[in-house]
Amino acid sequence: MSSGIIPAARTAGRAVHSATPRENRVLLVVDMQNDFCPGGALAVPGGDELPKVINKLSRKFSHVILTQDWHPDDHLSFASSHPGEKPFGTIELPYGPQILWPDHCIQEEEGSEFHPALEVHNCEMIIRKGYLREIDSYSAFFENDRTTPTGLAGYLRERGLNRLFLVGLATDFCVAYSALDARRLGFEVTVIEAACRGIDLNGSLDAAWQQMEEAGVVRA
């Protein structure tokens, strides 16, 4: 994502009506996994600083949902799946440009586990993404083909959870994709900056913040 441009999901947004004023908020904790923290395969600087912040935040919410990157070991987003390619290069897949990543968050391996300091006891759902070999998935709502849904939107709508507060890793990829998709789907969205960290690949962090602000995402 050299320019930070995030493709739009092919969906028409509509208003989401809350169940009750006090119970319409949800904390969405994005990919707080070992491989995205220092020492991991795709470490985000400062990622290990977040569990303590997120643990404290989670106690202020009645509803908490976690997302988890969950890749097969031959996922097509891995540079190792393409002989001669290197991590952080870009190739074309059937759904468009794809950044190639180091092998990370492989199913059932330690890197895919949540950071051991993360203690979110009131989590009610874990959304796994990226488990389809042929499609990467940054957003909590759609795979990177921008058409295949994860089912999260339907869950939130049925529960009347229309105010989303996002934290986690990484600001300029999975957090940003999730925030923008949530806005397109009609949700109110706040990204809590102190509880996020970014990769900043070729200016992607500033570009992602600009896109989020233009979409009406609150930066808190």
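General remarks:
- Chymotrypsin sites (Phe, Trp or Tyr not before Pro) restricted to the range 116-180 and DSSP loop, no more than 16 other C-beta within 10 Å: 131
- Summed residue charge, Cβ within 12 Å of residue 38's Cβ, Lys/Arg positive, Asp/Glu negative: -2
- To the nearest 10, the accessible area of residue 217 is 10 Å² with a 1.4 Å probe.
- Measuring between their Cα centroids, the range 84-154 and the range 177-220 lie 17 Å from each other.
- Estimated vicinal HN-Hα couplings, Hz - the range 208-218 in sequence order (Karplus 6.51, -1.76, 1.60; Gly, Pro = x): 5, 4, 4, 4, 5, 5, 5, 7, x, 6, 7
- Using the rule -39500 (n - 2.57) for each DSSP H run of four or more residues, divided by the residues of the chain, the 222 nm mean residue ellipticity is -5000 deg cm²/dmol.
- Which label in [x] 54, 38, 29; [y] 45, 45, 37; [z] 56, 34, 33 gives the computed Cα extents along the principal axes in Å: [x]
- Probe 1.4 Å - accessible area at residue 188, Å² to nearest ten: 100 Å²
- Residues with amide H under 5 Å from that of residue 193, placed H, sequence gap 5 or more: 220
- In this structure the range 77-220 gives 43 Å² per residue of accessible area when probed at 1.4 Å with all protein chains present.
- Basic side chains Lys and Arg get +1 at the Cβ, acidic Asp and Glu get -1 at the Cβ, and with that the dipole of the chain about its Cα centre reaches some 1200 debye.
- Shown are 121, 104, 82, whose ranking by accessible area with a 1.4 Å probe and every protein chain present, most to least, is 121, 82, 104.
- Reciprocal mean inverse distance between Cα atoms of the range 96-220 - Kirkwood radius, Å: 15.5 Å
- Coordinate range of the alpha-carbon atoms in the range 59-103 per principal axis, descending: 48, 21, 16 Å.
- Per-pair calculated FRET efficiency, R0 = 30 Å: residue 108 and residue 190 via Cβ, rounded to 0.05: 0.35
- Annotation: for a label point projected 7 angstrom from Cα along Cα→Cβ of residue 86, residues of the range 43-78 with backbone N closer than 18 Å are 43, 78.
- Dividing the C-alpha radius of gyration of the range 146-187 by 2.2 N^0.38 Å, with N its residue count, gives 1.15.
- Accessible area of the chain belonging to carbon and sulfur atoms, whole % at 1.4 Å probe: 49 percent
- Residue order by solvent-accessible surface for 56, 86, 129 is 86, 56, 129, largest first, with ligands and nucleic acids left out and a 1.4 Å probe.
The values are calculated or read from the model by the stated rules, or taken from the named source; none is laboratory data. Only a predicted model underlies this, so the values are computations on that prediction, with no experimental measurement involved. Neighbour counts are summed over all protein chains in view; Cβ atoms, including those assigned to glycine, are modelled from backbone coordinates with ideal geometry. When the accessible area is computed, the model is the full protein with side chains, heavy atoms only, and any ligands, DNA or RNA have been set aside. Shrake-Rupley method; radii C 1.70, N 1.55, O 1.52, S 1.80 Å.
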